[in-house]
Amino acid sequence: MFDALGDPNRLRIFTRLCDGGPSSTSQVMQVIPVSRQAVSKHLSMLEGVGLVRSRKHGRERIWTVQTQPLVQAGDYLSQLSKRWDHAVERLRAFVEDPSSI
Amino acid sequence: MSTDRIEKEVLLRAPLDRVWRAISDSSEFGRWFGVTLDGPFVAGNSLNGVITPTTVDDDVARQQEPYTGQADTWHVVAVEPQRRLAFRWHPYAVEPGADYSKEPTTLVEFTLTEAPDGVLLVIVESGFDAIPEERRTAAFDANSGGWAAQTQLVQKYLALGERV
């Protein structure tokens, strides 16, 4: 998932979908200077890792971001971050306690 | 927010010698962190770390209790006296029975700098971008003791059922 956002064009596409809401492939094409084929490929890749979802609408495909994977990834890091906060407090108690020297 | 690293910075009001010992002596490290390490921190060494409830904080000890005995291999990367300790481990390796040995590790670095009224400690854990999706999404809740604790409860419950 993070690799998928590592590419500047894909990140731009993803940002466009976050800011602009559900968009067609043609609309997405306006934000990056590459061919329709390349845009479709980027979108498929984002869809492959669960960051966007698409549905057919007439002859176009409408793309929508899926925030859940990002939220979960954020949760993971924030939980681990909290765990370090606690560890740091235990270390502080340990080294600042005069009887522990 | 970086997805790849966690960084903590703290001023500890204790002499550099004291802080360095608490971090670099693996048995002292174990006491506040809540882990039993089976050897000293020596660059290039691999240590077996077994979760052991901390003796420093009773509440945390209770939280760690369900994971007691969970083991992970820590690879010591660098030991620079009074300055830096670095090792690689598997972040949150607490799922019972899971084999983490082939999974990517994160790098944990403790860097100490002497300050006028103590020691500035910076802890950086990096490399999360390489951690597989299933480890990230195996959601856990720190308050309930985590997903692993839930699994153990279910296992206990099933074990009860078997006996009846």
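The values are calculated or read from the model by the stated rules, or taken from the named source; none is laboratory data. Quick caveat, the model's predicted, so the values are computed rather than measured. When we count neighbours, we look across all protein chains shown, and the Cβ atoms used for this are built from the backbone with ideal geometry, even at glycine. Heavy atoms of the whole protein, side chains included, go into the accessibility calculation; ligands, DNA and RNA do not. Shrake-Rupley method; radii C 1.70, N 1.55, O 1.52, S 1.80 Å.
Worth pointing out:
- Paramagnetic reach from residue B:62 (point 7 Å along Cα→Cβ, amide N under 19 Å) across region B:16-56: B:34, B:52-56
- Hull volume in cubic angstrom per residue (convex hull over the Cα atoms of region B:1-63): 149 Å³
- Each chain gives up part of its surface: B and A jointly bury about 3100 Å² of accessible area, both sides summed, for a 1.4 Å probe.
- With K and R counted +1 and D and E -1, the other residues having a Cβ less than 15 Å from that of residue B:10 yield a net charge of -2.
- When B:32, B:20 are compared by accessible area at a 1.4 angstrom probe, the order from most to least is B:20, B:32.
- Per-residue ellipticity at 222 nm, computed for chain A from helices alone with -39500 (n - 2.57) per DSSP H run of at least four residues, works out to -19500 deg cm²/dmol.
- Pairs of Cα atoms nearer than 8 Å and 6+ residues apart set the relative contact order; for chain A it is 23 percent.
- Solvent exposure of region B:1-94 as accessible area per residue, Å², 1.4 Å probe: 47 Å²
- Computed log10 I(q)/I(0) for region A:1-53 at 0.26, 0.28 Å⁻¹: -1.06, -1.24, from the Debye equation with unit scatterers placed on every C-alpha and solvent omitted.
- Inter-probe distance in nm under a simple model that places probes 7 Å from Cα toward Cβ, at residue B:38 and residue B:8: 2.6 nm
- The equivalent ellipsoid that matches the C-alpha gyration tensor of region B:1-124 spans semi-axes of 24, 17, 15 angstrom, in descending order.
- Within the assembled protein chains, the solvent-accessible surface assigned to residue B:100 is about 20 Å², based on a 1.4 Å probe.
- Note on region A:21-99: Cα convex hull, mean projected area over all directions, 7.5 nm².
- The calculated FRET efficiency for residue A:96 paired with residue B:101, based on their beta-carbon distance and R0 = 35 Å, is about 0.45.
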